[in-house]
Amino acid sequence: METFDAGLSTLSGAGRDVFFTVNLLERFPNDLLITRIDILRNVVRDVRKKQPFVIDAWVVLPDYLHCVWTLSPGDDDFTNRWRLIKQGFSKALPITEHRSAVRKARGERGIWQRRFWEHVIRNDTDYAAHVDYCHINPFKHGYVPRVADWPYSTFHRYVDRGIYPLD
C-alpha cells in the first residue's frame, strides 16, 4: 500500500502548529489529487526544501486535502508555501480544465480554489483532535470501510510509530 509521504518529519510541536483544508475548484466528481498524487508529493517535497515545515498529519482525498503543519518559531508564512504548492502542482498538469474569463484574464489556472482554510492549533487537545480529523476523513466520507484502507494518509506512519493501532 502506498501512503502519502512528502518527507514526513518525526518532529512536532517545535513551533506554530496549523491545520489546513485546501480544495480543488471543481469538487465533485473530481479525483485529480489522488490520480496525480505523484505530482503533489514531489511539489510538496520541493517546497519543503526551500521553505521548511514539518508535516504532522496529512490526508489527500480525491478533491481536497487536510493537513497539520508545524512551522518554525517566528515563521508564519504558510500562505506563500500554499501558493508554491498549488502553483507547482498546476504547472505540472496540461491545461485541460475549464477556466472562467476572470481566471483567463489573470493568467490563473482553474484547478484550485483561490483560498484555503487554516486554523492555528491552540493546545495539545486541539492538536490531537485535528490530527485525528485528518486521518478519520476517508472513513467519515465513505471512501473506505476502515481508516487503514486509505493509502493517501500519514495514518500509516502513526501506526508504524505505535501511536495508533492499525484498527
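The table below gives the values:
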| read-out | value |
| --- | --- |
| Hz values of 3J(HN,Hα) by residue in region 63-77 - Karplus curve (6.51, -1.76, 1.60), Gly and Pro given as x | 10, 6, 9, 10, 7, 10, 10, 10, 9, 4, x, x, 9, 10, 8 |
| By average C-beta atoms within 10 angstrom, highest first, the peptides 153-162, 90-99, 77-86 | 153-162, 77-86, 90-99 |
| Shape category assigned to region 18-125 from the gyration tensor of Cα positions, a/c cut at 1.5 | prolate |
| Over region 13-94, relative contact order from alpha-carbon pairs under 8 Å, at least 6 apart, % | 43 |
| Residue-normalised accessible area of the chain, given per residue in Å² at a 1.4 Å probe | 53 |
| Paramagnetic reach from residue 117 (point 7 Å along Cα→Cβ, amide N under 19 Å) across region 59-76 | 59-69 |
| Most to least packed among 57-67, 102-112 [average Cβ atoms within 10 Å] | 57-67, 102-112 |
| Peptides 132-141, 27-36 ordered by average Cβ neighbours within 10 Å, highest first | 132-141, 27-36 |
| Theoretical gain in end-to-end length, residue 31 to residue 76 [0.36 nm per residue, Cα-Cα removed] | 13.2 nm |
| Interchain or long-range residues, amide H under 5 Å from residue 56's placed H | 68, 69, 70 |
| 16 Å Cα-Cα reach of residue 140 towards aspartates and glutamates, excluding residues that sit fewer than 8 places from it in its own chain | 63, 132, 149, 167 |
| Potential lengthening between residue 83 and residue 167 on full extension [0.36 nm per residue; Cα-Cα distance subtracted] | 26.7 nm |
| 22 Å Cα-Cα reach of residue 91 towards lysines, excluding residues that sit fewer than 8 places from it in its own chain | 49, 50, 104 |
| Three-way shape label, region 104-147, alpha-carbon gyration tensor, a/c 1.5 | oblate |
| Heavy-atom accessible surface of the chain: percent carbon and sulfur, 1.4 Å | 53 |
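The values are calculated or read from the model by the stated rules, or taken from the named source; none is laboratory data. Keep in mind that this is a model prediction, so the values were computed, not measured. Every residue, glycine as well, gets a Cβ built from its backbone with ideal geometry; the counts of neighbours run over all protein chains shown. Quick note on the areas: whole protein, heavy atoms, side chains included, nothing else; ligands and nucleic acids left out. Shrake-Rupley method; radii C 1.70, N 1.55, O 1.52, S 1.80 Å.
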